[in-house]
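The values are calculated or read from the model by the stated rules, or taken from the named source; none is laboratory data. What you see is a predicted model; the values in this text were computed from it and never measured. Every residue, glycine as well, gets a Cβ built from its backbone with ideal geometry; the counts of neighbours run over all protein chains shown. The protein model used for the area step is the full one, side chains on, heavy atoms only, and it has no ligands, DNA or RNA in it. Shrake-Rupley method; radii C 1.70, N 1.55, O 1.52, S 1.80 Å.
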Amino acid sequence: MCDPGSLEQSLSYQFRDPDLLRDALTHPSYAHENRVASNESLGFLGDRVLELSAVTLLLEKRGPLPKGRLTPRLHRLIQGRTLSRAARALGV
């Protein structure tokens with residue numbers, strides 16, 4: 001599980017509710033195995049925010065693209081391997 005304090009330091013941002021941040025960062029399988037809180041709704045919301053952010057970035061960098069070209073690029077951007085590298089870079 002990620003330490004919210006180290007994430008805040010990496011992002012240079014302090015979250016208002018550290019408990020809510022901890023819940024948001026806790027994978028449901030970890031929560032179940034360790035009997036700690038998890039909030040799958042926050043994960044669902046986070047996935048949508050990530051997609052919106054990624055699409056915005058793609059459109060800013062590449063301009064308007066047909067859906068057939070945008071979708072594979074979006075999937076590469078938000079795939080686990082790419083997100084894992086970003087998380088490690090942030091110390092998550």
Solvent exposure of the chain as accessible area per residue, Å², 1.4 Å probe: 77 Å²
Net charge near Arg22 (other residues with Cβ under 14 Å of its Cβ; Lys, Arg +1; Asp, Glu -1) is -4
Taking Lys and Arg as +1 and Asp and Glu as -1, residues besides Ser41 with C-beta under 12 Å from its C-beta add up to -2
Taking 4 °C and 1.567 mPa s as the conditions, I'd like the Stokes-Einstein D for segment 28-92 in µm²/s, using the Kirkwood hydrodynamic radius from alpha carbon pairs. 95 µm²/s
Tilt of helix 80-90 relative to the longest C-alpha principal axis of the chain, in degrees (0 to 90, nearest 10)? 60 degrees
What distance in nm separates the simple spin-label points at Phe15 and Val49, each placed 7 Å from Cα in the Cβ direction? 0.8 nm
Of the heavy-atom accessible surface of the chain (probe 1.4 angstrom), what whole percent is carbon and sulfur? 54 percent
Pick out which of Pro66, Pro18, Pro28 has the largest mean-square fluctuation in a Gaussian network model of the chain, springs linking Cα atoms closer than 10 Å. Pro66
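What are the chymotrypsin sites (Phe, Trp or Tyr not before Pro) within the chain that DSSP puts in a loop, where the Cβ has at most 15 other Cβ atoms within 10 Å?
Tyr13, Phe15
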Excluding exposed DSSP-loop trypsin sites (Lys or Arg not before Pro) (at most 10 other C-beta within 10 Å), longest clean stretch of the chain: 36-92
What is the mean projected area of the alpha carbon convex hull for segment 1-45, to one decimal in square nanometres? 3.1 nm²
